[in-house]
1. Taking a 31 Å limit on the Cα-Cα distance, which of the listed pairs Lys5/Lys103; Lys5/Lys173; Lys103/Lys227; Lys103/Lys202; Lys5/Lys232 fall beyond it?
2. Heavy-atom accessible area per residue, the chain, 1.4 Å probe: how many Å²?
3. Considering all alpha-carbon pairs of the chain, what whole percent are spaced by more than 34 angstrom?
4. Translational diffusion coefficient of the stretch 1-99 at 20 °C, 1.002 mPa s, Stokes-Einstein with Kirkwood Rh over Cα pairs, in µm²/s as a whole number.
5. Can you tell me the orientation of helix 107-120 relative to the chain, as the angle in degrees between its alpha-carbon axis and the longest Cα principal axis, to the nearest 10?
6. Using helices alone, what [θ] at 222 nm do you get for the chain, with -39,500 (n - 2.57) per DSSP H run of 4 or more residues, divided over all residues and rounded to the nearest 500?
7. Quick check: from the Cα gyration tensor, does the stretch 1-54 come out rounded (a/c under 1.5), prolate or oblate?
Amino acid sequence: MTSAKILVVDDEPNILSVIKAYLEKNGHVVYIAETGIAALQLIENLQPELIILDLMLPDIPGEEICRTIRRTSNIPILMLTAKTDEDDKVNGLLIGADDYITKPFSPRELMARVIGLLRRTQPMQLAEEHSFRFSNHPLVINLELHEVWLEEQPVYLTPFEYKLLITLSNHPKRVYSRLELVNQIQGYAFEGYERTIDVHIKNLRYKLGDDPKQPTYIATVFGVGYKFLVSKDV
C-alpha cells in the first residue's frame, strides 16, 4: 500500500494522537482538524485521499460535513462515531460515508478499515478493455478513468459503490450473498457489516435510477443476496 494523504477530524486530542501515530507508522501523511470549519478548509486546500470523520464535533455535525463533501467529491470517508445504534450507522452510510467504526476501537481494526478503503480507490483490473457498455442500455463503465456514465451523464459513486457495481456487473446473472460482496470488495468482514451492503445497494440503485420493484440493473434474490441483470456488449 502506497503512502496516502489522510485527514483525521476529531475534537478529542488523545484520539487524534493515537490515530496519527498509527497512520504515520504505516507510512501515511496525516493532517488533523478539531473542528468542522477547519476540516472543510483543509479538504479544499489539501485534497486528501481519505478522511476519518468523527460525527460529534463542537461546531458542525459530522453528518453535515459528510453531505458537504459528497456534493463535490468522492473522497473515501471513514465515519468515526460513539453512536452504537444501528440506525445511526445506517444513516451515516446513506449520507455518503463509505465505512464506519465505533468508539472505543482498536488501532488494528482502524488500520484494516483504512487499508480497505484505500484499496477500493485503486483502479480495478477486472477486464482487459478500458470501458464496457451494456446491451440496449445507456450504462457505460470506464475502468481506465474510473468513471460511470448513464444517459451520457456522469454518475458520481463513492469508492464502495463503484467497486460494488464493478463486482456485480463483471459477472451478470451470478448471485452474490451479502457476505461474498463484503469480502470481494474490502477483503474482510466484521460482525454485522453484511447488513450495510443493503444500504450501499440502495444508494447505487438510486444513482442508477433503478426501481427495486422492477429493476433494470440490480435484482434482489430474497434470502440470498443480489445479482446484476444485464450483460456487457461483446
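The values are calculated or read from the model by the stated rules, or taken from the named source; none is laboratory data. Predicted model only: the values in this text are computed from it and were never measured. Surface accessibility is based on the protein's heavy atoms, side chains included, excluding ligands, DNA and RNA. Shrake-Rupley method; radii C 1.70, N 1.55, O 1.52, S 1.80 Å.
1. In this structure, Lys5/Lys173; Lys103/Lys227; Lys5/Lys232 exceed 31 Å between Cα atoms.
2. Accessible area per residue: 50 Å².
3. Counting every Cα pair in the chain, those more than 34 Å apart make up 15 percent.
4. So the translational diffusion coefficient is about 159 µm²/s.
5. 40
6. -11500 deg cm²/dmol
7. Because a/c hits 1.5 or more and a/b fails to exceed b/c, the stretch 1-54 counts as oblate.
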